[in-house]
Amino acid sequence: MPIVSISLTEKNLETLDMLQEAYGLTGRSEVIRLCIRSAEAEVRERGLLSGTVEGVLVTIHMSEGDDENRHEFQEIITTQVHSHLKNGKCLDVFLIRGKAAIVRAMLAELQSSEYIEYVKFIQS
């Protein structure tokens, strides 16, 4: 296998080690491969969205970077619940209904935000 060098933060390393232990893997490389497979499956699943899509979107984000991204996607958000969590984080639950392309764009934008820690879309 090719060897790839990457730079990670201390928090990334802590998470990597926690995942290694949680999944009972023997090395960090196995964790990276597992994460890549998981991300690939999620991207494929999003690629299958077509037509009009309905579902629930859950995000967790830092409150100081209260993400404004949701405002540009207001046309597909039918309901939103916002709650303040501990440690300066917020939980948002959205009911989404709209064209698949717009839903995919929203998910991609949220996923790429430095303030968003968790994004999960569950299609109905």
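When each of Leu91, Leu19, Leu85 is tested for being touching a helix residue (DSSP H, G or I) at 6+ places or on another chain (Cβ under 9 Å), closer than 24 Å to Tyr115 by Cβ, of a type in the set (A, V, I, L, M) and in the same structural domain as Leu107 (by TED's automatic domain parsing), the lone residue that passes is Leu85. Scanning region 101-124 for residues that are in contact with a Gly (Cβ under 6 Å, 6 or more places away or on another chain), in contact (Cβ under 8 Å) with a residue 60 or more places away in the chain and either surrounded by 16 or more Cβ atoms within 10 Å (Cβ to Cβ) or part of a strand (DSSP E or B) (or both) yields Phe121, Ile122, Gln123.
Looking at this structure, is Arg33 at pLDDT 90 or above, among the charged types (D, E, K, R) and surrounded by 10 or more Cβ atoms within 10 Å (Cβ to Cβ)?
Values: at pLDDT 90 or above: yes; among the charged types (D, E, K, R): yes; surrounded by 10 or more Cβ atoms within 10 Å (Cβ to Cβ): yes.
Spelling it out, Arg33 is indeed at pLDDT 90 or above, among the charged types (D, E, K, R) and surrounded by 10 or more Cβ atoms within 10 Å (Cβ to Cβ).
Tell me, yes or no, whether region 47-57 has at least one residue that is at pLDDT 95 or above, under 12 Å from Val103 (Cα atoms) and of a type in the set (Asp, Glu). Yes, region 47-57 contains at least one residue that is at pLDDT 95 or above, under 12 Å from Val103 (Cα atoms) and of a type in the set (Asp, Glu). Number of residues in region 1-60 that are in contact (Cβ under 8 Å) with a residue 60 or more places away in the chain and assigned to a helix (DSSP H, G or I) equals 1. Has region 91-100 got at least one residue that is under 30 Å from Leu13 (Cβ atoms), hydrophobic (A, V, I, L, M, F, W, C), out of contact with any Leu (no Cβ under 7 Å at 6 or more places or on another chain) and surrounded by 14 or more Cβ atoms within 10 Å (Cβ to Cβ)? No, the conditions are met nowhere in region 91-100. Being surrounded by 13 or more Cβ atoms within 10 Å (Cβ to Cβ) and within 19 Å of Ser124 (Cβ to Cβ) is a property that Gln80 has.
The values are calculated or read from the model by the stated rules, or taken from the named source; none is laboratory data. Worth saying up front: this structure is predicted, and the values here are computed from it rather than measured. Cβ coordinates were reconstructed from backbone atoms using ideal geometry, including for glycine residues, and neighbour counts include every protein chain displayed.
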